[in-house]
Amino acid sequence: MPKAKIARKSTFVDMTAMTDVAFLLLNFILLTSNFVKPEAVSVSAPSSVSEVKIPEVNIMTILVDPDGKVFFGIDNQDARVELLSKIGDSYNISFTAQEKKEFGLVNSFGVPVESLKAFLALPSDKRSLKENALGIPCDSINNQFKTWVKFAREINGKDMAIAIKCDQTTPYPKIKNVMNSLQELRENRFNLITNLEGMPQGL
Amino acid sequence: MSEIVVEDKGGKKNKVKRLSTRVDMAPMCDLGFLLITFFMLSTSMAKPQTMDLNMPSRDKVSEAESSKVKESQAVTVLLGKDDKVYYFFGSASEEKIPDLKASNFSPSGIRDVLLQRNAEVAIQMRDLRAKLKKREISDEEFAKKSVEIKSSKNAPTVIIKATDEANYKNMVDILDEMQICSISRYALVDITDYDKELIKELENPGSSMLKK
């Protein structure tokens, strides 16, 4: 009986097409997305039906974590350096050139002015640790937050948008505090950062 | 591969070995997907949405300039603890204790109440949105018209007061309801002790200091 011959087929699969797809996707992702900027705290924003997009440049971000600690950041690096000098002058703290340079790279921070020097001396990966997230004082006795906003407005001009990103569970009095401080500075218009949620049906 | 293979007809087999031009693309494909994974994880596609909020100015306004809210159009919404919402119509004073009602953030809760109050505007806005969806009107036209509709004289004015027990989500939710219900006149106002007493009275009748 003759042996049944099984034709050996090559197992080689042509990957060219798949590679094409992979790089096409890669291109698409690269062009449409933007990098996540590291933030001092991670907060989960509530959702809303609002479809207004956040402005891309010249924006001041105020983060409030669930405990009500306030974090602050502006987007322009040169402005950050200028801001630090102004703050240093007003609180009588002199910052070295190195510290100013470091501060220019900090996206958002949340420490009182007194601890700022120690904060800037830390390596960047240790800054986001919980024990270093003290929050900027924002109460009637010691309202450093107000000073930061005031100077940021002076430096960035009237086009600067104020974005507030709060955690869902932040108690209302804490936010009221932040908004009151802003209102005292006549900053009556701000953007609340939210996640998108669909408009309910039938409306 | 570019050289010309001369065919020798003279019997001797002088075959030039043809090398395959096939390149194994598997590693390249791996690399592509690796990069995709990396960028997917380190970037964000969507820009976050924002909600515009205009707070009333703190500057002193003279009595004449300040806009008085018509009593019949006023709706006061109080945000309580545990995601509870309370509302009453008209104004509140010592003599006339308003009829405070409890509600919630579900679609049949405060939204229904506000929609009923704002029915005229809400229906017009719904038609306008439907038109926009069908591309019968442009975005600019939509914006213009919606401002027109929303500034209707019969539209209610909502006064939002949050108690200290409310959280940020409640605040955004109620502002969101304003957008859903197409209410353009609303304000975030500090809560008064009187309002707190009203809530207390509703939760535990007889426990508050309000006069019956």
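Test each condition in (1) touching a residue at least 12 places away in the same chain (Cβ under 8 Å); (2) farther than 26 Å from A:Thr169 by Cα for A:Val49 and report the one that comes out false.
The failed condition is (2).
Considering only the stretch A:174-203, state which residues are more than 20 Å from B:Gln49 (Cα to Cα), outside any loop (DSSP other than H, G, I, E, B), free of Cβ contacts under 8 Å to residues at least 24 places away in the same chain and within 8 Å of chain B (Cβ to nearest Cβ).
Across the stretch A:174-203, the qualifying residues are A:Lys176, A:Gln183.
Residue by residue, here is whether (1) modelled with pLDDT under 80; (2) among the β-branched types (Val, Ile, Thr); (3) touching a Lys or Arg at 6+ places or on another chain (Cβ under 9 Å) holds:
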{"position": "A:Lys5", "(1), (2), (3)": "no, no, no"}
{"position": "A:Ala17", "(1), (2), (3)": "no, no, no"}
{"position": "A:Leu24", "(1), (2), (3)": "no, no, no"}
{"position": "A:Val41", "(1), (2), (3)": "yes, yes, yes"}
{"position": "A:Leu63", "(1), (2), (3)": "no, no, yes"}
{"position": "A:Arg80", "(1), (2), (3)": "no, no, yes"}
{"position": "A:Ser85", "(1), (2), (3)": "no, no, yes"}
{"position": "A:Asp89", "(1), (2), (3)": "no, no, no"}
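Kindly indicate which of B:Glu120, B:Glu148, B:Glu177 is within 14 Å of chain A (Cβ to nearest Cβ) and either in a helix (DSSP H, G or I) or loosely packed, with under 13 Cβ neighbours inside 10 Å (or both).
On inspection, the qualifying residue turns out to be B:Glu177.
Please determine, by comparing only the residues of the stretch A:40-49 that are part of a loop (DSSP other than H, G, I, E, B) and crowded, with 17+ Cβ neighbours inside 10 Å, which one is farthest from the chain's Cα centre (by Cα).
A:Val49
Take the conditions at pLDDT 85 or above, among the hydrophobic types (A, V, I, L, M, F, W, C) and either more than 22 Å from A:Phe109 (Cβ to Cβ) or buried (at least 18 other Cβ atoms within 10 Å of the Cβ) (or both) and apply them to A:Ile193. Does it pass?
Here the answer is no, as A:Ile193 does not meet what is asked.
Assuming B:Asp82 fulfils every condition listed in (1) modelled with pLDDT of 80 or more; (2) within 28 Å of A:Asn27 (Cα to Cα); (3) in a loop (DSSP other than H, G, I, E, B) apart from one, which condition is it?
Answer for B:Asp82: the failing condition is (2).
Residue-wise test of (1) over 24 Å from A:Ile193 (Cβ atoms); (2) in contact with an Asp or Glu (Cβ under 8 Å, 6 or more places away or on another chain); (3) not β-branched (Val, Ile, Thr).
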| residue | (1), (2), (3) |
| --- | --- |
| B:Leu132 | yes, yes, yes |
| B:Glu136 | yes, no, yes |
| B:Glu140 | yes, no, yes |
| B:Pro156 | yes, no, yes |
| B:Leu175 | no, no, yes |
| B:Cys181 | no, no, yes |
| B:Ala187 | no, no, yes |
| B:Leu198 | yes, no, yes |
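Do we have any residue at all in the stretch A:11-21 that's surrounded by 12 or more Cβ atoms within 10 Å (Cβ to Cβ), more than 7 Å from chain B (Cβ to nearest Cβ) and assigned to a helix (DSSP H, G or I)?
Looking through the stretch A:11-21, at least one residue is surrounded by 12 or more Cβ atoms within 10 Å (Cβ to Cβ), more than 7 Å from chain B (Cβ to nearest Cβ) and assigned to a helix (DSSP H, G or I).
Here are the criteria: (1) of a type in the set (D, E, K, R); (2) more than 13 Å from every other protein chain (Cβ to nearest Cβ); (3) part of a helix (DSSP H, G or I). Tell me which single one B:Lys153 does not satisfy.
Here B:Lys153 meets the rest and fails (3).
Test B:Arg129 against the criterion of being in contact with a Cys (Cβ under 7 Å, 6 or more places away or on another chain) and part of a helix (DSSP H, G or I), and give yes or no.
Criteria not met by B:Arg129.
Out of the helices (runs of 4 or more DSSP H) lying entirely within the stretch A:50-132, which hold 2 or more residues that are within 14 Å of chain B (Cβ to nearest Cβ) and surrounded by fewer than 19 Cβ atoms within 10 Å (Cβ to Cβ)?
none
Only one of these conditions is not met by B:Ile159: (1) under 24 Å from A:Val178 (Cα atoms); (2) β-branched (Val, Ile, Thr); (3) within 14 Å of chain A (Cβ to nearest Cβ). Which number is it?
Answer for B:Ile159: the failing condition is (3).
Looking at A:Lys165 and the list (1) touching a Leu at 6+ places or on another chain (Cβ under 8 Å); (2) touching a residue at least 60 places away in the same chain (Cβ under 8 Å); (3) away from every other protein chain (no Cβ under 14 Å), which single condition is not satisfied?
Unmet for A:Lys165, out of (1) touching a Leu at 6+ places or on another chain (Cβ under 8 Å); (2) touching a residue at least 60 places away in the same chain (Cβ under 8 Å); (3) away from every other protein chain (no Cβ under 14 Å): (3).
If a residue must be more than 13 Å from A:Val21 (Cβ to Cβ) and among the hydrophobic types (A, V, I, L, M, F, W, C), how many such residues does the stretch B:16-30 contain?
4
Tally the residues that are within 30 Å of A:Asn107 (Cα to Cα) and facing chain B (nearest Cβ under 7 Å), restricting the search to the stretch A:22-43.
Residues flagged as within 30 Å of A:Asn107 (Cα to Cα) and facing chain B (nearest Cβ under 7 Å) within the stretch A:22-43 amount to 9.
So, B:Leu115, is that one within 22 Å of the chain's Cα centre (by Cα), in a helix (DSSP H, G or I) and closer than 30 Å to B:Glu203 by Cβ or not?
Taking the combined requirement at face value, the residue satisfies it.
The values are calculated or read from the model by the stated rules, or taken from the named source; none is laboratory data. Note that the structure is predicted; figures quoted are calculated from it, not measured. Every residue, glycine as well, gets a Cβ built from its backbone with ideal geometry; the counts of neighbours run over all protein chains shown.
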